[in-house]
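Here is the structure we will look at, set down as structure tokens.
Quick note: the coordinates plus some simple rules give every number you see, no bench work behind them. Values in this document were obtained by computation on a predicted structure and should not be read as measured data. Because the Cβ atoms are built from the backbone with ideal geometry, glycine has one as well, and the counts that use them run over all protein chains shown.
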Amino acid sequence: MAENLPSHIPVMRTEILNSFASVLADSDLAEIRYFDGTFGRGGHLKAILEADSRVTAVAFDQDPEAIIFGEKTYSEWVKNGRLKLFNLNFSDFEIERFGKFDLMLLDLGVSSPQLDQGHRGFSFYHDGPLDMRMNNESGATAADIVNNYSEDELIRIFKEYGEIFKSFRVVRAIVHDRKAKPFTTTRELAGLIERVDGWHKKGFHPATQYFMALRLEVNQELQAIENAFEKLVLGLRLKGRIAVLTFHSLEDRIIKNKMRSLEQLGFPVKRKVIVPSREEALQNPRARSAKLRVFEKGTKPEKRPGYFKDDEGDEDAEPTEPPNS
Ligand SMILES: C[S@@+](CC[C@H](N)C(=O)[O-])C[C@H]1O[C@@H](n2cnc3c(N)ncnc32)[C@H](O)[C@@H]1O
């Protein structure tokens, strides 16, 4: 039942609200339009709608469970038309259908309820079917990939998405074992990785990067960002802002490069990437690897006083610790 699902703590909520504050303050519009491409449990969306009564929202999530949760939990906003929810991938965004927006947010990756529920198959700590689909109504599962990809294909995705440069022994063991019995559960796969790779780093399960790589492949997560980012920027009104929260260095690299390559449309609000406070990273382990980048549509102000005042030093902040999911 949706109401019994584990909760999700919105990451860098204050920093995101701060990034949107000037758009809200400078706007004299009667309606400010917010697009949330990764609704999840609606934590960020709630904070933004509560920050300004003029804000109306359109929210997508490719996970049907998230949409059911949103319809129940925010039923008042759904009823009065302040919130419109769609079970869609944000790469399906179309200006012609949804119009233009003043604020947009992508909070990439999986939500805590997805990770913590064994039946979704994302976690090596909770046994469940080897699934990992955010949209669990269609597409190939992690089991389909593990049981059918060739040795070379498996090595490629573990290298490209998991940054595992020596996956040969694990992949060979997978290919050997699946002949006798296909993999069906998360524990079967995690057990094989524990057995073959062993524990190298305290507190860091040896399956972490393998599971991350499979998740990215199953959900085509990097492709969704590649395909959607420019479309979303085009869907911003002038002086509108899009904030993107990433949890994986490959995602952050794509966003950083996209923001640079779209300089004819706008500019990054800060030169440096924004990272969570020490306090937040201590309180919420899932925030530790978070990186926030914000892009504004329009011409960069030549000299807006104080614009970059807290923004000196290297372009990128120190790398943060890996996630411990
Ligand atoms: C980190 S959670 C978002 C949490 C949300 N900001 C909150 O405060 O509750 C990411 C959510 O985005 C969804 N998601 C990830 N990639 C998506 C995509 N390409 N299109 C639509 N939804 C996506 C996931 O299903 C998940 O529910």
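How high is the relative contact order of the range 1-117, in percent, with contacts defined as C-alpha pairs under 8 Å that are six or more residues apart?
Values: 152 pairs, mean separation 40.3, N = 117.
Rounded, it is 34 percent for the range 1-117.
Taking the range 67-147, which GluC sites (Glu not before Pro) meet the DSSP loop condition and have no more than 14 other C-beta atoms within 10 Å? Could the numbers behind the result be given before it?
On the way: sites: E71, E76, E94, E96, E137; in loops: E94, E137.
Hits after loop and neighbour filter: E94, E137.
On a 26 Å Cα-Cα criterion, which of the cross-link pairs K256/K300; K84/K300; K239/K270; K100/K258; K72/K270; K256/K297 come out too long? Write out the running numbers ahead of the final one.
Values: K256/K300 17 Å; K84/K300 32 Å; K239/K270 15 Å; K100/K258 20 Å; K72/K270 37 Å; K256/K297 15 Å.
Over 26 Å apart, Cα to Cα: K84/K300; K72/K270.
Find the relative contact order for the range 114-219 and round it to a whole percent, using C-alpha pairs within less than 8 Å whose residues are 6+ positions apart. Display every interim value, and only then the final one.
Numbers: 150 pairs, mean separation 35.6, N = 106.
Answer for the range 114-219 is 34 percent.
Taking the Cα-to-Cβ direction at R97 and at A25 and moving 7 Å from each Cα, how far apart do the two end points lie in nm?
3.7 nm
Restricted to Cα positions, what overall size does the chain have along the principal axes? Three whole-Å values, descending.
Cα spread of the chain along its principal axes, largest to smallest: 66, 47, 37 Å.
Could you check what % of the DSSP bridge pairs in the chain are antiparallel, to the nearest 5? Before the final figure, lay out each step's value.
Values: 12 of 30 bridges.
The antiparallel proportion sits near 40 percent.
Just in the range 168-253: which chymotrypsin sites (Phe, Trp or Tyr not before Pro) are loop by DSSP and have at most 16 other Cβ atoms within 10 Å?
Values: sites: F168, F183, W199, F204, Y210, F211, F229, F247; in loops: F183, W199, F247.
Hits after loop and neighbour filter: W199.
Give me the percent relative contact order of the chain, please, defined on Cα pairs under 8 angstrom at least 6 residues apart. Don't skip to the answer; put the middle values down first.
Numbers: 526 pairs, mean separation 54.9, N = 325.
Over the chain, the number comes to 17 percent.
Would you compute, from DSSP H runs of 4+ residues alone, the mean residue ellipticity of the chain at 222 nm, taking -39500 (n - 2.57) per run and dividing by the full residue count, rounded to the nearest 500? Intermediate values should be presented prior to the final figure.
Numbers: 14 runs with 136 residues, N = 325.
Rounded to the nearest 500, the figure is -12000 deg cm²/dmol.
Find, among the trypsin sites (Lys or Arg not before Pro) in the range 101-199, those assigned to loop by DSSP (not H, G, I, E, B) with at most 15 other beta-carbon atoms within 10 angstrom. Write down the numbers at each step before the final one.
On the way: sites: R120, R133, R156, K159, K166, R169, R172, R178, K179, R187, R195; in loops: R133, K166.
Of the trypsin sites (Lys or Arg not before Pro), the ones in loops of the range 101-199 whose Cβ has at most 15 other Cβ atoms within 10 Å are K166.
Full-extension gain between S138 and H200, please, as 0.36 nm times their residue separation minus the C-alpha to C-alpha distance.
Values: separation 62, 0.36 × 62 = 22.32 nm, distance 3.58 nm.
18.7 nm is the gain from fully extending S138 to H200.
Can you give the Rg to Rh ratio for the range 114-219, taking only C-alpha atoms and Rh from Kirkwood? Spell out each step's value before the answer.
On the way: Rg = 12.5 Å, Rh = 13.6 Å.
Rg/Rh for the range 114-219 comes to 0.92.
Taking other Cβ within 10 Å of each residue's Cβ, how do H200, H248, H205 sort, fewest first? Write down the numbers at each step before the final one.
Working: H200 7, H248 22, H205 18.
In order of increasing Cβ crowding within 10 Å: H200, H205, H248.
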